[in-house]
Structure formats: structure tokens, C-alpha cells
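Asker: Below you'll find the structure I mean.
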Amino acid sequence: MLLINNKRRWAVVSKLPEHVVEKRNEVTTTVPSEWPAPPAAWPELLTDVELAQYLRMDMAGHDPASAKRALRFIRRTQNLPDVGRIAGRVLFRRAAVDEWLAGRERRQVAPAAAVKDEHAKALQDDDRNVRP
């Protein structure tokens, strides 16, 4: 007789083959380790996996589980816009994500342009202060 744990229930089983006992004791995950095929046309509302593919996280070495964690972190810390939860899934509006990306791009470009302007102004001031 064997005592096995079968999904939170203990059962006494007589003479099961070892491969059956091992399979019953395996822990399975619900998150797939492989990326699904990207859609032919991106829908207006994206799931977290579709958004990860839209942001090319699948090409950056993430698996779906790590991409979901990264999106959750970005949503909390960098104000990634979401629609909310519908049927237990967080959905993202594609247009809002595009605007969010454009805003991040402007913020990253603006400091570089400001530094360039300050550098040009400093050169002009140096030219004025040079004695002939």
C-alpha cells in the first residue's frame, strides 16, 4: 500500500506503478513557458502577454511569466496605463500604451536637448570672454 498526495488529498493506493505515482506528485504550472504566436493585427485591447509581445519583450529573452512580472512592476512604478481588470485579466488599451511610450521618449530626449543647449550657450559665453 502506498500513501500519495493527490491535489491536496491523501489517498491510499495499492500497487501503483512508479511512473504513475511520480506523475501524480508533479507540480504543474498554469503559465506556459512558450510564447503564443503574435496576432496578425494587434487588437485595441491587449492582454498582458500580447502587450509583452507588442513591446518586444519576447525578443529580449523574457518568457511569458517573467514578462508578466516585469509589466506588473512597470505598471506600478512607471504608470503604465491599463484599462483595469475584466474577467480577472488586466487589459491595456493599445493607443494609451503608444501615448505612454511617446511620453517616455519625449522625457528621455528632452534632457539631452537641454544639455546640448547649455553646452552651446557655454561656448558662446566663452567666445565673448576671450580677449583678442
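Asker: For Leu45, tell me the accessible area in Å² from a 1.4 Å probe, rounded to the nearest 10.
Answerer: Surface open to solvent at Leu45 totals about 70 Å².
Asker: To the nearest 10 Å², what's Trp42's accessible area with a 1.4 Å probe?
Answerer: 80
Asker: A further question on this structure: Just add up the charged neighbours of Trp35: K/R +1, D/E -1, any other residue whose Cβ is under 14 Å from the Cβ of Trp35. Can you show the working numbers first?
Answerer: Working: positive: Arg56, Lys68; negative: Glu34, Asp48, Glu50, Asp58, Asp63.
Neighbourhood net charge equals -3.
Asker: Given the Cα-Cα distance of Ala95 and Thr47 and 0.36 nm per residue of separation, how much length would full extension add, in nm?
Answerer: Values: separation 48, 0.36 × 48 = 17.28 nm, distance 1.36 nm.
Length gained between Ala95 and Thr47: 15.9 nm.
Asker: Calculate, in nm to one decimal, what Ala40 and Arg85 gain on full extension: separation in residues at 0.36 nm each, minus their alpha carbon distance.
Answerer: Contour length minus Cα-Cα distance gives 13.8 nm.
Asker: Moving on. Taking the Cβ of Pro64 as the centre, find all other residues whose Cβ is under 11 Å away and add up their charges (Lys, Arg: +1; Asp, Glu: -1).
Answerer: Cβ neighbours under 11 Å give a net charge of -3.
The values are calculated or read from the model by the stated rules, or taken from the named source; none is laboratory data. Every value quoted in this text rests on a predicted model; they were computed, and no experiment measured them. Every residue, glycine as well, gets a Cβ built from its backbone with ideal geometry; the counts of neighbours run over all protein chains shown. All accessible areas refer to the heavy atoms of the entire protein, side chains included, with ligands and DNA or RNA removed. Shrake-Rupley method; radii C 1.70, N 1.55, O 1.52, S 1.80 Å.
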